[in-house]
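In what follows, a single structure is set out as structure tokens and then discussed.
Bear in mind these aren't lab numbers, they're just calculated from the coordinates by the rules spelled out. Fair warning: this is a prediction, and the values are worked out from it, not measured in the lab. Positions of Cβ are backbone-derived with ideal geometry, glycine not excepted, and every protein chain shown enters the neighbour counts.
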Amino acid sequence: MFPIIQERNQLVVAKLIDKFGEAIESHEVLKDMLCITVSKNVITAVLRYLRDEKELQFNFLTTLCGMHYPEKEQLGVVYHLHSFVNNHRIRIKTSTDIKNPVILTATTIWPSANWMERETYDFYGIIFEGHPNLVRILNMDDMTDFPMRKDFPLEDQTREDKDDSMFGR
Amino acid sequence: MAIDLDTDYWDKDVVRSEEPKEYNTLNVGPTHPATHGVFQNVMLMDGEFIVSTEQTIGYIHRAFEKIAEHRPFYQITPLTDRLNYCSSPINNMGWHMTVEKLLGIETPKRVDYLRIVIMELARIADHIICNSVIGVDSGALTGFTYIFQDREYIYEIYEEICGARLTTNMGRIGGFERNFSDKAWTKIRHFLKTFPAHLNEFETLLARNRIFMDRTINVGPFPADRALAYGFTGPNLRACGVDYDVRVMNPYCSYEEFDFIVPIGQNGDTYDRFMVRQEEMKQSMHIIEQAIAKLDKMEDKETYFASDPRFVLPPKEKVYNNMEALIWHFKIVMGETDIPVGEVYHCVEAANGELGFYLVSDGGRTPSRLHFRRPCFIFYQAYPEMVKGNMLSDAILTMSSMNVIAGELDA
């Protein structure tokens, strides 16, 4: 990793901890990207701060996706941010309890989050509070399951004509 | 009778209605020849002008992210083919590079250059489709019929390299399945020789054509700040005047050694998008020439694979004649190799923009989570804002110039 990226990573972590303190739960560098875990209560504030802070300027939301952690009974959202000014990428993670999966929306910060959050809702059932139009986007409207959760089977598990045990599915 | 100019003659004639203005609802799609893919737009029309648009997508959703959680890494490559099927090799190699990043495989320089040759050919093929279809939608079929023979030729080059044409499944984790044949090289060199003339001929048909310019200039313009907020990448963002290119910002596959220009537009309208793609094709030709020059200078003509025992497939003759080689081949393809725990994000400059792969591995044979950042999916949501207030025929042109590919949109 380039030293300049390491410096920028340290700056981001220092600034976030200075501003939000306890709400920044952990931070680590995974492969080539800084990964920060944030409490879900402050996620919108953190994203807005990262975008607007003069020295950081993470102006671009690269992508946003859902996660399911079955062992922790949690759902998560992962944001990839990119600062075009500093050419710096970071990853922000947040998680919520699966029984009450509510997270604040990022559409007020980037309009591009609109469809990505709808997709995340569609597949994981994460409810984004404040989203202008949180309905299913890729699946059909009358679907009741959230198919990307780990407990949703890929195929109809009652079938007997296929033996997948050999292939580790 | 003389007309009394003082009285407002025309005003008396008009019957002013007290009722509110009436709008028409127009349904475009899901299967409509002008949408070039399966997506629906329900447009609210005031005469011929669009008041608002409501999009419905997901008609060809195939749950790739879910399937990917149940497949070993090699079996995910065919899924990536079907994202942007106009330039599958870029998707294939983007995925292979993601896995290489996770496993820490260093690819030899020769593999990088071979990949660049193929990825730039794929970019040209994709841009040919987009630009010629802009012509078709504005009523100029001629350019389309001529330039498509060059796309056909690129597909023939794919055939020489991997045997397939559209869904290529090209390359392997760590390199290629076999070295490029002499015939493939002959075809690539022939393409380099003939294509610039064809491209110029195509450009003279459209670029300064008065009718085409009237149909495209200031049609569907988009300011740069809105484009950034909506997550535009690739030629659509560059047409708005932002010089963001993953090949330059985060070089992968030795792109940092290459000398090329990132073309940008000014207004982000249909004409700018057309011209940016046109210039990108020329730059791609320039990159391929440089890559071939580098390959010619290399003494090594045989390396086409990284030497990593975890993912090197044994040669086919050995697989067919030797028991150990067959087992080894089977184990690699079925994902019985050790995969480290970790997560990576890798992005490549696909023909439509930044194609990203977010791969989370828990050490199992399949990814624990694989998310595709599909550029189409992200920028297509700006379409209602782009076409608002435009005419219907301009909306069709705007859509074709954005190059929305249904496979990538719906995953």
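Listed values, structure above:
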quantity	calculated
Peptide A:57-64, shielding by other chains (average Cβ, 10 Å cutoff)	5
Other protein chain Cβ atoms within 10 Å, averaged over every residue that makes up B:337-344	2
Estimated [θ] at 222 nm from DSSP helical runs (n ≥ 4, -39500 (n - 2.57)) normalised by residues in the protein assembly as shown, nearest 500	-13000 deg cm²/dmol
Between helix B:323-333 and chain B: long-axis angle, C-alpha atoms, 0 to 90°, nearest 10	30
Rule-of-thumb Rg ratio for the stretch B:310-411 [Cα; 2.2 N^0.38 Å; N residues]	1.67
Relative contact order computed over chain B (Cα-Cα under 8 Å; 6+ residues apart), in percent	25
Dipole-positive endmost among A:111, A:35, A:82 within chain A (Cβ charges, Cα centre)	A:82
Student exercise, chain A dipole from Lys, Arg, Asp, Glu Cβ charges, in Debye to nearest 20	760
Computed over the stretch A:3-156, Kirkwood Rh from alpha-carbon pairs, angstrom	16.2
Lys/Arg +1, Asp/Glu -1 at C-beta; the protein assembly as shown dipole; positive extreme among B:348, B:402, B:231	B:348
Equivalent ellipsoid semi-axes, the stretch B:293-365, via Cα gyration tensor eigenvalues times 5, rooted, Å	27, 24, 11
Crossing angle, helix B:270-297 versus chain B [Cα axis fit, 0-90 degrees, rounded to tens]	20
Sequence-separation-based contact order of the stretch A:3-156, relative, with Cα cut under 8 Å and 6+ spacing, percent	17
Between 0 and 90°, nearest 10: helix B:109-137 axis offset from chain B longest Cα axis	20
Partners for residue B:21 among lysines (Cα-Cα distance below 28 Å; same-chain residues under 8 apart left out)	B:12, B:388
Of A:40/A:99; A:40/A:72; B:109/B:282; B:183/B:301; A:31/B:297, pairs whose Cα-Cα distance is over 22 Å	B:109/B:282; A:31/B:297
Shielding score for A:109-120, defined as the mean number of other chain Cβ atoms within 10 Å	5
Loop-resident sites, the stretch B:43-88, for GluC sites (Glu not before Pro), counting at most 14 other Cβ within 10 Å (DSSP)	B:48
Cα-based Rg of the stretch B:55-410 normalised by 2.2 N^0.38 Å, two decimals	1.00
Chain B: most fluctuating residue of B:245, B:300, B:150 per GNM, C-alpha cutoff 10 Å	B:300
Residue exposure sequence - B:106, B:385 - by fewest surrounding Cβ within 10 Å	B:106, B:385
Gyration tensor (alpha-carbon) shape descriptor, the protein assembly as shown, a/c threshold 1.5	oblate
Kirkwood Rh in Å, taken over all unlike Cα pairs in the stretch B:255-377	18.8
